[in-house]
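Worksheet: one structure, shown below.
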Amino acid sequence: MSTSDLLKYALVLLLPAAYLARRYYHSAALTPAPDPPPAEDQPVKSIMQAPKDDLAPPKDDPFTLAQLKEFDGSDPSKPIYVSIKGTVFDVSAKADVYGAGRSYNIFAGKDGSKGLGMSSLKEEHAVPDYVDLSETDRKVLDDWHGFFTKRYNIVGKVIDHPISAPVKTEGSDDPTPNL
């Protein structure tokens with residue numbers, strides 16, 4: 001075998017080997033490293049606020065819907081209130097969520113029961129009258145009311161809340177408004 005033949009065989013064998021080696025190392029460099037497994041000693045952090053056990057006794061201060069507008073988070077010297085089904089909650093502790101320009105500010109300073117029941121952040125849905133909500137949406141609204149009741153101080157009631165669908169109270173055949 002001549003030197004030129006050996007050179008040809010070497011090129012035929014080395015070029016594909018070099019190509020494959022380059023391709024392998026290049027693709028390995030582009031592949032992201034897998035995420036490390038979560039540490040077992042670190043608790044999983046929930047995005048939901050935990051229920052509070054240090055809430056003040058509920059207040060029954062009267063608010064009109066017009067008065068409630070003063071507590072929309074636009075004035076930093078005033079608390080932020082959200083009303084659900086006529087119950088007024090002080091959500092000032094979560095100004096990062098309900099404050100001016102924040103994601104849920106649409107509900108601040110008003111009763112947005114319908115929007116909460118619909119899981120909607122549209123301005124036209126953030127209204128107190130939830131009479132036309134479906135049964136499923138009413139359940140969502142009730143869940144929100146329960147969520148707020150366990151986490152925020154109740155500071156009053158809306159006295160001019162529109163009457164919602166009547167429901168029968170226990171032991172009575174007479175329907176009463178469900179506020």
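Determine if the range 156-179 includes at least one residue that is touching a strand residue (DSSP E or B) at 6+ places or on another chain (Cβ under 9 Å), at pLDDT 95 or above and hydroxyl-bearing (Ser, Thr, Tyr).
No, because not a single residue in the range 156-179 is touching a strand residue (DSSP E or B) at 6+ places or on another chain (Cβ under 9 Å), at pLDDT 95 or above and hydroxyl-bearing (Ser, Thr, Tyr).
Within the range 101-118, count every residue that is over 20 Å from Gln67 (Cα atoms), more than 15 Å from the chain's Cα centre (by Cα) and buried (at least 20 other Cβ atoms within 10 Å of the Cβ).
Matching residues across the range 101-118 total 0.
Kindly check whether there is at least one residue in the range 140-154 that is among the basic types (Lys, Arg) and more than 25 Å from Pro57 (Cα to Cα).
Step one: of the range 140-154, the residues among the basic types (Lys, Arg) are 150-151.
Subset that is more than 25 Å from Pro57 (Cα to Cα): none.
No: zero hits.
The values are calculated or read from the model by the stated rules, or taken from the named source; none is laboratory data. Because the structure is predicted, anything quoted here is derived from the model rather than measured. Backbone-built Cβ (ideal geometry, glycine too); neighbour counts: all protein chains shown.
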